[in-house]
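Below: one structure, written as structure tokens.
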Amino acid sequence: MGFKKVVKEHETEASKTPEVNIAQVIDEYTNLSEQAKVIASRKEELATIIKEYAKKHGTKDDKGSYYSEQGDFVYGATAKKTVKLNAEKAEKFFRERKLWKKVTDTIEIINEDKVEGLINAGTMTVDELETITDISTSFSVLVKKKETPEEMPEVQVVKTENSPRKVAPFRTRGRR
């Protein structure tokens with residue numbers, strides 16, 4: 001099955017989609033999004049309480065986690081440790097022992113700023129760049145309240161020596 005046939009079949013399937021009441025769908029989506037924020041915030045608060053309680057009243061295991069039981073549940077504060085080399089200390093350590101080349105790799109990457117420089121210098125064209133570029137598009141959903149247009153303030157007239165001049169009052173508009 002060729003690519004064009006797959007696309008054609010997809011378009012045919014999409015055209016079979018029943019009509020929806022988009023206003024109702026948007027309202028439900030917005031309501032669920034708001035509820036999800038409230039739920040996530042409350043879960044975070046409860047998690048903090050549970051962890052603090054477990055650290056105070058639970059039993060500590062050999063990994064530094066604290067656990068306890070309540071009814072049918074085991075609850076606790078699970079310790080997660082991350083081990084990462086300290087780059088400065090590690091470099092000093094390996095260089096002093098002449099092991100630096102044994103523990104490092106050189107990786108070649110294409111510097112996009114330098115590619116742009118080639119285009120600006122005329123060494124390569126934008127068309128050539130497009131032949132070596134992969135472009136993919138993905139979509140995320142956008143649902144938000146429309147911003148109501150702000151009314152423009154009245155303009156003050158200031159007279160100068162030669163002609164009247166309109167001056168709008170200074171104000172700062174914040175973005176949401």
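The values are calculated or read from the model by the stated rules, or taken from the named source; none is laboratory data. All values reported here derive from a predicted model rather than from experimental measurement. For neighbour counting, all protein chains shown are included, and Cβ atoms are generated from backbone atoms with ideal geometry for every residue, glycine included.
Please determine whether any residue of the range 64-82 is part of a helix (DSSP H, G or I), modelled with pLDDT of 95 or more and of a type outside the set (A, V, I, L, M, F, W, C).
Looking for residues that are part of a helix (DSSP H, G or I), modelled with pLDDT of 95 or more and of a type outside the set (A, V, I, L, M, F, W, C), one finds none in the range 64-82, hence no.
With respect to being surrounded by 10 or more Cβ atoms within 10 Å (Cβ to Cβ), assigned to a helix (DSSP H, G or I) and either touching a Pro at 6+ places or on another chain (Cβ under 9 Å) or among the polar types (S, T, N, Q) (or both), residue 48 fits the description.
Taken over the range 80-101, the criterion of being among the aliphatic types (A, V, I, L, M) and under 30 Å from residue 66 (Cβ atoms) is satisfied by 83, 85.
Note on the range 59-89: among residues that are among the small types (Gly, Ala, Ser) and free of Cβ contacts under 8 Å to residues at least 12 places away in the same chain, the one that is surrounded by the fewest Cβ atoms within 10 Å (Cβ to Cβ) is 71.
Quick one: would you say residue 143 is exposed (fewer than 11 other Cβ atoms within 10 Å of the Cβ), closer than 30 Å to residue 34 by Cβ and within 30 Å of the chain's Cα centre (by Cα)?
For residue 143, the condition - exposed (fewer than 11 other Cβ atoms within 10 Å of the Cβ), closer than 30 Å to residue 34 by Cβ and within 30 Å of the chain's Cα centre (by Cα) - is met.
Scanning the range 104-128 for residues that are surrounded by fewer than 10 Cβ atoms within 10 Å (Cβ to Cβ), of a type outside the set (Asp, Glu) and more than 30 Å from residue 92 (Cα to Cα) yields 114, 120, 121, 122, 126.
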